[in-house]
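The values are calculated or read from the model by the stated rules, or taken from the named source; none is laboratory data. This is a predicted model, so every value here is computed, not measured. Counting neighbours? That spans all protein chains shown, and the Cβs are built from the backbone with ideal geometry, glycine included. With ligands, DNA and RNA removed, areas are computed over all heavy atoms of the protein, side chains included. Shrake-Rupley method; radii C 1.70, N 1.55, O 1.52, S 1.80 Å.
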Amino acid sequence: DGERVELAGDPPRRFEVMHTPGHAPGHLCFVCDSTRYAVAGDMIASVGTIVVDPYEGDMSAYVRSLERLKSERLRVLLPAHGGPIADPDEKLGEYVAHRAWREAKIQASLDDAGQELSALVRVVYDDVPPAVYPLAERSLLSHLLKLEREGRARRAGSAWSRAA
């Protein structure tokens with residue numbers, strides 16, 4: 001994080017390396033000093049959202065990394081999936097807002113009795129086709145683990161409920 005890499009060319013390009021964990025613990029983005037273009041990799045996609053798998057990622061770290069990228073005043077994002085994103089502030093803001101909206105929906109869906117992931121995913125991800133539920137369940141679990149760390153959700157076995 002913070003290192004600079006120079007690529008040969010005419011003119012040569014210098015990039016700042018940014019450690020942006022969340023999707024994966026070692027995820028990096030590269031910001032070109034002269035153009036303010038960022039190679040964003042799997043932090044963001046042109047269409048849809050990124051799955052944050054709890055076995056490789058961390059939802060809290062992911063949201064912090066999105067916010068950090070937003071603070072960089074970038075001109076263009078170059079994602080690993082899809083074409084260039086010409087309005088990085090807007091897209092990064094959408095991603096942060098989407099995660100906050102999804103988290104609020106999760107919290108509203110938790111009850112005192114507890115529910116399995118397979119039941120919660122049908123309620124919390126009712127805006128996506130059922131074929132996507134296996135992937136959605138991974139991000140749902142990442143959100144729940146974040147909420148558990150924050151004392152806003154709890155689990156008993158494989159059931160999740162709201163924190164007392």
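Brief remarks follow.
- Scoring P21 on the criteria (1) open to solvent by 50 Å² or more (accessible area, probe 1.4 Å); (2) at pLDDT 95 or above leaves a single failure, condition (1).
- The residues of the stretch 53-76 that are closer than 20 Å to T35 by Cα and either in contact (Cβ under 8 Å) with a residue 40 or more places away in the chain or of a type in the set (S, T, N, Q) (or both), listed by number, are L66, R68, L69, S71, E72, L74, R75, V76.
- Qualifying residue in the stretch 84-92 (condition: within 20 Å of H19 (Cβ to Cβ), without any contact (Cβ under 8 Å) to a residue 60 or more places away in the chain and not acidic (D, E)): yes
- Pairs where the first residue, in the stretch 7-28, is at positive phi and the second is of a type in the set (D, E) and surrounded by 10 or more Cβ atoms within 10 Å (Cβ to Cβ), C-beta under 7 Å, 6+ apart: G22/D58
- Subset of the stretch 27-52 (residues that are outside any strand (DSSP E or B), touching a His at 6+ places or on another chain (Cβ under 9 Å) and either open to solvent by less than 40 Å² (accessible area, probe 1.4 Å) or modelled with pLDDT of 95 or more (or both)): H27, S46, I50, V52
- Inter-residue pairs, beta-carbon under 8 Å, first without any contact (Cβ under 8 Å) to a residue 60 or more places away in the chain and in the stretch 33-46, second among the acidic types (D, E) and in a strand (DSSP E or B), 6+ apart: D33/E16
- Selection status of S65, closer than 28 Å to A156 by Cβ, of a type in the set (G, A, S) and at pLDDT 95 or above: no
- Positions within the stretch 106-161 being touching a Ser or Thr at 6+ places or on another chain (Cβ under 9 Å), surrounded by 15 or more Cβ atoms within 10 Å (Cβ to Cβ) and farther than 18 Å from Y55 by Cα, in sequence order: L110, G114, Q115, L120, V124, Y125, A153, R154
- The residue that is nearest to A156 (Cα to Cα), counting only those in the stretch 104-122 that are of a type in the set (G, A, S) and touching a residue at least 12 places away in the same chain (Cβ under 8 Å), is G114.
- Breaking point among (1) under 24 Å from E137 (Cβ atoms); (2) open to solvent by 60 Å² or more (accessible area, probe 1.4 Å); (3) among the acidic types (D, E); (4) at pLDDT 95 or above, for E90: (1)
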